[in-house]
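The values are calculated or read from the model by the stated rules, or taken from the named source; none is laboratory data. Note that the structure is a prediction, hence the values are computed from the model and not measured. Heads up, the Cβs are rebuilt from the backbone with ideal geometry, glycines too, and the neighbour counts pull from every protein chain shown.
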Amino acid sequence: MTRPKGAFIRNTTATRLNHWFTAACFVLLTLSGMSMFHPLLFWMSGLFGGGQWTRAVHPWIGIALLLSYFGLVVQFWRDNLWNKDDLAWTLAIDRVLANKEEDVPPVGRFNAGQKFVFWSMALLIPVLFFTGLVIWEVYFASYTSIETQRVALLTHSLAAIAAIIVWIIHVYAAIWVRGSMRAMTQGWVTPGWAWRHHRKWLRQLVATGSMGPRPRAEPRRVRKQS
Amino acid sequence: MSNLQSQDYIRISASTLTPPSIRNHQAEVAKLIDVTRCIGCKACQAACMEWNDLRSDVGYFEGTYDNPLDLGPSTWTLMRFSEYEDGKGDLEWLIRKDGCMHCEDPGCLKACPAPGAIVQYANGIVDFISENCIGCGYCVKGCPFNIPRISKVDHKSYKCTLCSDRVDVGLEPACVKACPTGAIMFGSKADMTHWAGERIEDLKSRGFANAGLYDPPGVSGTHVMYVLHHADKPSIYSGLPDNPRISNFVSAWKGLLKPVALAGVVMAAVSGILHWVIEGPNEVEPGDEMAARRLIDDTAEQKLADPHRSPDELT
């Protein structure tokens, strides 16, 4: 990690690898899934070696995504629990969108928007997984009735569209809030970034002498930083 | 089947293009299966296997005349036998030749995501173009009659073609040719409907008051029709659907959801671009860095002054 002196660790190397594996799975699933959803997008099946290959590989990538996202849930769930700061932040969403963050109530490691993305995916990915199993023709076609499979197909499509829209919000937010992309590529943020976007998180880190991503359980004597 | 009649398509799966319509004088065809004349000899099944080079695996015996027990990727037509006891305690042996109904409004074609894997010819035949099939099984969900079967060998979907290759060169389907009692007829849909009408009159005069033609309007009619002695109760014929129609789940998924979903995705992306243009990026300002620096330095100084203070007092 090429972290400059004084910068805080936002995401560890393991977290970043986990995140980008999940992201790769999600993009591949979106491309292959959309190619089987709308005829206008069927050409994208060519990226996977044709329709038969797209149909065959899509569910396996889905399994990889489920496992990978589970890894993210284990790492992130605690800091994504809802608290009263989130309501205050959500009520100030107009100022968030207007980049007037000095008027927005301070939040911890994640704001309500990030928590929304996290929990949306935590809900949608299992829904996609289980409905996906029902419509996985090769292995599971004989286990459920055709009517059940029809419901599963519709649910799978709805959940997929919802997940794609949540993903677009997630990607745009990372582009819009400068410094967030580096937090997930190189892993670090400047103290000013933490102050501006996650002030309570910064205060916890500083108070416990941690460089991130989470405060120390045991406070430590702090050396003066230069 | 193979792609023999591409200029005759009137519907193409997963296609936003208008199908070719050069040849528009074709009569709509229909196969008429007169259940009341069927003796259950299975000559139609044998003829279907012969013409289409199909041999399903040898199955097992389960105490019924149905052999094999179900339609399959290598069994495109199947005699289904049911013993029906009417209200008077009389037993009737109802034998129905099951297979693709060649719907005028085909649910399989609506559901199919692979361009040109399912087509409908101008003569009404619904055909699977196997080289385009991706094996997803959506046609199985689209079909109101539970007909298509996916091969575990080549992962493609198969069903009766109505012998589209024979019909194309002016022959009747193989099952029609083989039927020894004339229970299976083939011709234009108008002729078959007319012929069925005469037969139904005859049946009514012989005590089958509910005799009728099965040409279900829920799928805009079919190009395989049945003459039934009990047209008021199609389901007694081994579960022939009373009122088949494309499932609402399939209609929603393939109808409303497709444009709404694409619009939703595009709107989300456009909203992002508009926000970028109107509000621009959220940059960390020099003041933020200074404030953070001050917090870090103040904390460090307090800690140095009194290392035993708890962190809670600092914030």
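For region A:75-84, state whether one or more residues are more than 15 Å from the chain's Cα centre (by Cα), of a type outside the set (Asp, Glu), part of a helix (DSSP H, G or I) and away from every other protein chain (no Cβ under 14 Å). Within region A:75-84, one or more residues are more than 15 Å from the chain's Cα centre (by Cα), of a type outside the set (Asp, Glu), part of a helix (DSSP H, G or I) and away from every other protein chain (no Cβ under 14 Å).
Starting from residues that are of a type in the set (A, V, I, L, M, F, W, C) and facing another protein chain (nearest Cβ under 9 Å), keep the ones in region A:44-70 and report whichever is surrounded by the most Cβ atoms within 10 Å (Cβ to Cβ). If you could, list the steps in order and put the result at the bottom.
Our first condition is that a residue be of a type in the set (A, V, I, L, M, F, W, C); within region A:44-70, this holds for A:44, A:47-48, A:53, A:56-57, A:60-61, A:63-67, A:70.
Subset that is facing another protein chain (nearest Cβ under 9 Å): A:53, A:56.
Numbers: A:Trp53: 15, A:Ala56: 19.
Selected residue: A:Ala56.
Residues that are surrounded by 11 or more Cβ atoms within 10 Å (Cβ to Cβ) and β-branched (Val, Ile, Thr) within region B:58-102 comprise B:Thr64, B:Thr75, B:Thr77, B:Ile95, listed in sequence order. Residues being surrounded by 21 or more Cβ atoms within 10 Å (Cβ to Cβ) and within 12 Å of chain A (Cβ to nearest Cβ) are entirely absent from region B:163-176.
If the condition is being over 17 Å from A:Lys84 (Cα atoms) and either within 10 Å of another protein chain (Cβ to nearest Cβ) or in contact (Cβ under 8 Å) with a residue 60 or more places away in the chain (or both), then region A:98-132 contributes A:Ala98, A:Asn99, A:Lys100, A:Glu101, A:Glu102, A:Ile125, A:Pro126, A:Leu128, A:Phe129, A:Gly132.
If you check A:Gly187 against the conditions, is it at the interface with another protein chain (Cβ under 9 Å from one of its Cβ atoms) and on the phi > 0 side of the Ramachandran plot? No; evaluated as a whole, the condition is false for this residue. Within region A:181-197, the residues that satisfy the criterion of being among the β-branched types (Val, Ile, Thr) and either buried (at least 24 other Cβ atoms within 10 Å of the Cβ) or not in a helix (DSSP H, G or I) (or both) are A:Val189, A:Thr190.
Would you be able to say whether some residue in region A:64-83 is touching a His at 6+ places or on another chain (Cβ under 7 Å), farther than 27 Å from A:Thr13 by Cα and without any contact (Cβ under 8 Å) to a residue 40 or more places away in the chain?
To start, the set of residues in region A:64-83 that are touching a His at 6+ places or on another chain (Cβ under 7 Å) comprises A:72.
Filter once more, keeping what is farther than 27 Å from A:Thr13 by Cα: none.
Scanning region A:64-83 turns up no residue that is touching a His at 6+ places or on another chain (Cβ under 7 Å), farther than 27 Å from A:Thr13 by Cα and without any contact (Cβ under 8 Å) to a residue 40 or more places away in the chain.
Residue count for region B:12-35 satisfying the condition of being at pLDDT 95 or above and either over 26 Å from B:Gly107 (Cβ atoms) or not in a strand (DSSP E or B) (or both): 1.
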